[in-house]
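Okay, structure first, notes after.
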Amino acid sequence: MAEEQATIVYIEDDTASRLLVQRVLGSRGYDVHVAGNGLDGIALAREKEPQLILMDINLPDMDGREITTRLRGLPNFANTPIVALTANISPGSRELALAAGCTGFLTKPINVAEFPQQVKDFLQGRVEPLPPEEHTLHLQKHAQNLVERLENKIREMESANKRLRELDKMKSDFIVLVSHELRTPLTLISGYAHLLEEQLKQSSQSAVPAATVKGIADGLAMGVTRMREVVNEIISVSRIASGNLELTVGPVRLSKVFDDLSSELREVLSQRQLTMEIGDLDKLPVIEGDQKRIRIAIENVIGNAIKFTPDGGSIFVVGRRVGDAVDLIIRDTGIGIPVEEQRRIFDQFYVLGSIQHHSTSKSAFQGGGLGLGLAIARGIIEAHNGRIWVESKRRDLENPPGSTFHILLPIRQASQQTNL
Ligand code: ADP
């Protein structure tokens, strides 16, 4: 076969280099096939059984030397010319490539005028020499590199595996929690529906008293509201996870958000004998943001402050301007959060502690939740280019150390500024 009709496989992750080589060699009649990474390259080489392989060294998965060593171990590639083609010309890289099994070493960018002849030489049997002592030395180095990479890969895989196991557990916990969270209001709804049926049966002659009907309707509404909240939480978190959270940006007066929230929470706070002190937020600048969503984020943080503060405790809210942002600080005198968990509580499905003792009340001390509240809050705040974090000394039910959440929100949104 004339060299110019030979099949060549080129393993290279850079598209521009691939195109250039394909063009230069293709115009000479070579049949050039390309692969963008090591594993695909090995598969392609096995499929095409080329007369020559051009090998980039720095590749995303296996590097070119590792691929070469692997190919040399396959029966069909013991003698195939494998030519390293690399921009890495650091001292020793040529020797390392040759020791790993490469036949030659060419540098990128290729010299278009000389490249076809260089390829032809390798096809005709050219082999770049490497003195035996150099070979041994660099083979040792190559072996060490391989083991080091293997060690790093094992480490990476072990931590990925650990993370996957944790995620798996979080998801199964989540399923238990969701079914529990939905079943409670469902029980409520079916109870009231049953009650209504009974009332109708009993009073077939006369009308059911209005007060009874109202009581039943309120009960039904409560169940439906709770179910809607659970479903909304799941929808919000899935939107955030898929990056589909759309913001309707307008002026947001944080003092108003807190005023509304505190009057809605008055009853719950008094039931739990908690006090909520809100500092002078009127002085804060009006910020740009999605009022509804910012309210949800704040509501989730305050809701947690209520849930995780023992009866009789306090919640303090203050705000200050920090450069071009507003820092909202929500502090409680609750049970605190262990330092090592302070990042993960913002992850989806993350519920600290055991879900066995999960109570379903939203406001009871250590009451239940889906582990989505803070993930939603973080998603919303980050969609506003803000940040949310927590500071707490430890978790301690005996001597509650309290937690302090910070919500940092830019005063202006970048997209708005460019529109002006
Ligand atoms: P949940 O729906 O379970 O409340 P979140 O995402 O809102 O989920 O919170 C995750 C976990 O973070 C909670 O289970 C709780 O253990 C911890 N946490 C959140 N806020 C506080 C707080 N103010 N004090 C103590 N622990 C908190």
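The values are calculated or read from the model by the stated rules, or taken from the named source; none is laboratory data. Because the structure is a prediction, the values reported are computed rather than measured. Positions of Cβ are backbone-derived with ideal geometry, glycine not excepted, and every protein chain shown enters the neighbour counts. Note: areas computed on protein heavy atoms with side chains; ligands, DNA, RNA excluded. Shrake-Rupley method; radii C 1.70, N 1.55, O 1.52, S 1.80 Å.
A compact table of results
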item: Test for GLU299: is it within 16 Å of the ligand (Cβ to nearest atom), in contact (Cβ under 8 Å) with a residue 12 or more places away in the chain and assigned to a helix (DSSP H, G or I); result: yes
item: Residue that is farthest from GLY29 (Cα to Cα), among those in region 72-104 that are open to solvent by 30 Å² or more (accessible area, probe 1.4 Å) and not in a loop (DSSP other than H, G, I, E, B); result: GLU95
item: Enumeration of residues in region 147-162 that are farther than 23 Å from THR69 by Cα and of a type in the set (A, V, I, L, M, F, W, C); result: ALA160
item: Close pairs (7 angstrom Cβ cut-off, 6 or more residues apart or separate chains): assigned by TED's automatic domain parsing to the domain that holds ARG395 and of a type in the set (A, V, I, L, M, F, W, C) in region 328-340, assigned to a helix (DSSP H, G or I) and open to solvent by less than 20 Å² (accessible area, probe 1.4 Å) anywhere; result: LEU328/LEU254; ILE330/VAL301; ILE330/ILE302; ILE330/ALA305; ILE337/ILE345
item: Hey, ILE315 closer than 25 Å to ILE411 by Cα and either within 15 Å of the ligand (Cβ to nearest atom) or at pLDDT below 95 (or both) or not; result: yes
item: Residues within region 380-406 that are touching a Gly at 6+ places or on another chain (Cβ under 8 Å) and within 13 Å of the ligand (Cβ to nearest atom), tallied; result: 9
item: Residue list for region 107-140, restricted to those being in contact (Cβ under 8 Å) with a residue 24 or more places away in the chain, over 20 Å from GLY29 (Cβ atoms) and part of a loop (DSSP other than H, G, I, E, B); result: LYS108, PRO109, VAL127, GLU128, LEU130
item: Scope region 380-394; condition open to solvent by 20 Å² or more (accessible area, probe 1.4 Å), assigned to a loop (DSSP other than H, G, I, E, B) and under 22 Å from GLU299 (Cα atoms); matching residues; result: ASN385
item: Which numbered condition GLU158 fails, given (1) in a helix (DSSP H, G or I); (2) open to solvent by less than 100 Å² (accessible area, probe 1.4 Å); (3) over 30 Å from THR86 (Cα atoms); result: (2)
item: Filtered residues of region 224-263 (kept if among the small types (Gly, Ala, Ser), part of a helix (DSSP H, G or I) and surrounded by 12 or more Cβ atoms within 10 Å (Cβ to Cβ)); result: SER236, SER238, ALA241, SER255, SER262
item: Selected residue (only one of ILE330, ILE345 is open to solvent by less than 40 Å² (accessible area, probe 1.4 Å), within 16 Å of LEU374 (Cα to Cα), assigned to a strand (DSSP E or B) and within 12 Å of the ligand (Cβ to nearest atom)); result: ILE330
item: Neighbours by Cβ (under 8 Å, 6+ apart or cross-chain): first from region 17-43, of a type in the set (Ser, Thr, Tyr); second at pLDDT 95 or above and part of a helix (DSSP H, G or I); result: TYR30/VAL119
item: Any chance PHE258 is away from the ligand (no atom under 14 Å from the Cβ), of a type in the set (Phe, Trp, Tyr) and either out of contact with any helix residue (DSSP H, G or I) (no Cβ under 8 Å at 6 or more places or on another chain) or at negative phi (or both); result: yes
